[in-house]
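This report concerns only the one structure given below.
The values are calculated or read from the model by the stated rules, or taken from the named source; none is laboratory data. Note that the structure is a prediction, hence the values are computed from the model and not measured. With ideal geometry, Cβ positions are generated from the backbone for all residues, glycine too; neighbour counts draw on all protein chains shown. The protein model used for the area step is the full one, side chains on, heavy atoms only, and it has no ligands, DNA or RNA in it. Shrake-Rupley method; radii C 1.70, N 1.55, O 1.52, S 1.80 Å.
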Amino acid sequence: MKWGYGSKSRCRQSSVVAVAEETEGIDEVFVESCWANLPLELLREVLMRIEDTESKWPLRKSVVACSGVCRSWREIMKELVKTPEVSGKLTFPISVKQPGPRDTLLQCFIKRNQTTQTYHLYLSLTQALADDGKFLLAARKYRKATCTDYAISLDANETSKGGGTCIGRLRSNFLGTKFTAYDSILPYAGAKLVKSRSTRLVGSKQMYSRVPAGNYEVAHISYELNVLGARGPRRMHCVMDAIPASAIKPGGIAPTQVDFPMGNSGSSLPMRFLRSKSSRLEKSLSGPIETQREGSLVLKNKAPRWHEQLQCWCLNFHGRVTVASVKNFQLVASPENGAAGPEHEKVILQFGKVGKDMFTMDYRYPLSAFQAFAICLSSFDTKIACE
């Protein structure tokens, strides 16, 4: 299963792939069709109505299909479709790398398969705790002698480290108490490139030859000793290298990726019609570059409250979590030596158990689905030193 298409629509996907290729031959075929003579104003009105009415998945696949028809359709749809921060909608694959909505939590859920050591992230389609969902991301755990790796992919069936749809990874230390999340694509200008043996494995098939394929640090997650005992949540501390601390303040801006700078080899259709034609990687990002020097955003887990009737420590998940677990958490922004304001009370990410292998994941601005997923993956590892 790939982004934007269900597993039962292979014929439709093949046809869209054919028209999405940016070749002169396809443009010539399109010129001969009746759609080529459609006035631009009318075409824009038609596509605008499609974007407005097909607001939820699976109907929203029509928006993705329209973006794959030809270059002119693609440019109009890219202009009409707003980022998740503005619209609250996840439409294209790049949406998982963009900050979520500012005012509401975007509701998702994670399915765990302990046999295959895989994890699948879905966008919730209803208010139910678990439904069919819209596939977003997949991850696979790789155990090593000294650490654990999670490869994160856009394809549910391709989660290898060197796969053409791998967009990042998560790595732990030996004790499973410290994690580092890496993005295979430059998340913001000036991001630190970590050179290692695995650098060539992550996203190596997608990148332009002019863009160094590697691991860019986007988050550091650490777990500390739980002073509340087994009944309390773990103590978490997350440093978001890719997000400035000023992003949560009124008028703050978080870096937003607007394109996958990928080449033709090994790339899937949804990435192909969103790729930038510019050789300058900075054009695939939005937001001021200088904000990255102001200090990174720090997240901490929200302190639980003692429930007298239940005689345990509790957090209010507003019905989104039904099973008590040490893995459950809510993250808020940490003041970090400054005065706490209203923005530090707002839950940015919450994660909790609703079944044996089912977990909810709700996130908002300034986190992206990719960053939130990486943080939640770190909660699955056993942390004997913290419990």
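Considering each of Ile76, Ile50 in turn, give the residue that is within 30 Å of Gly252 (Cα to Cα) and among the β-branched types (Val, Ile, Thr).
Values: Ile50 fails: within 30 Å of Gly252 (Cα to Cα).
Just a single option satisfies the conditions, and that option is Ile76.
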Any idea which residue in segment 320-333 is surrounded by the fewest Cβ atoms within 10 Å (Cβ to Cβ), counting only those that are out of contact with any helix residue (DSSP H, G or I) (no Cβ under 6 Å at 6 or more places or on another chain) and touching a residue at least 40 places away in the same chain (Cβ under 8 Å)? Thr322
Which of the strands (runs of 3 or more DSSP E) found entirely inside segment 68-173 contain at least 1 residues meeting this: of a type in the set (Lys, Arg) and either touching an Asp or Glu at 6+ places or on another chain (Cβ under 8 Å) or under 25 Å from Gly355 (Cα atoms) (or both)? 106-113, 134-143, 166-172
Residue hits (segment 174-184; among the aromatic types (Phe, Trp, Tyr) and in a strand (DSSP E or B)) are Phe179, Tyr182
Condition test on Arg200, is it among the basic types (Lys, Arg), closer than 22 Å to Ser153 by Cα, at pLDDT below 55 and open to solvent by 20 Å² or more (accessible area, probe 1.4 Å)? yes
So in segment 92-128, with the set limited to residues that are of a type in the set (Val, Ile, Thr) and more than 12 Å from the chain's Cα centre (by Cα), which one is least open to solvent (accessible area, probe 1.4 Å)? Ile110
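Please tell me if Gly163 is modelled with pLDDT under 85, open to solvent by less than 10 Å² (accessible area, probe 1.4 Å) and not polar (S, T, N, Q). Let's see the steps before the verdict.
Details: modelled with pLDDT under 85: yes; open to solvent by less than 10 Å² (accessible area, probe 1.4 Å): yes; not polar (S, T, N, Q): yes.
Spelling it out, Gly163 is indeed modelled with pLDDT under 85, open to solvent by less than 10 Å² (accessible area, probe 1.4 Å) and not polar (S, T, N, Q).
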Being closer than 26 Å to Asp132 by Cβ and either open to solvent by less than 40 Å² (accessible area, probe 1.4 Å) or of a type in the set (S, T, N, Q) (or both) is the filter here; which residues of segment 44-53 pass it? Glu51, Thr53
Sort through Asp131, Asp155, Asp183, Asp149 and tell me the only one that's modelled with pLDDT of 90 or more, out of contact with any strand residue (DSSP E or B) (no Cβ under 6 Å at 6 or more places or on another chain) and open to solvent by less than 50 Å² (accessible area, probe 1.4 Å). Asp155
Looking only at residues in segment 296-319 that are open to solvent by less than 30 Å² (accessible area, probe 1.4 Å) and assigned to a loop (DSSP other than H, G, I, E, B), which one is nearest to Thr126 (Cα to Cα)? Phe317
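Looking at Arg71, Arg12, Arg60 in this structure, which one is open to solvent by 70 Å² or more (accessible area, probe 1.4 Å) and modelled with pLDDT of 70 or more?
Details: Arg12 fails: modelled with pLDDT of 70 or more; Arg60 fails: open to solvent by 70 Å² or more (accessible area, probe 1.4 Å).
Selected residue: Arg71, the only one of Arg71, Arg12, Arg60 that is open to solvent by 70 Å² or more (accessible area, probe 1.4 Å) and modelled with pLDDT of 70 or more.
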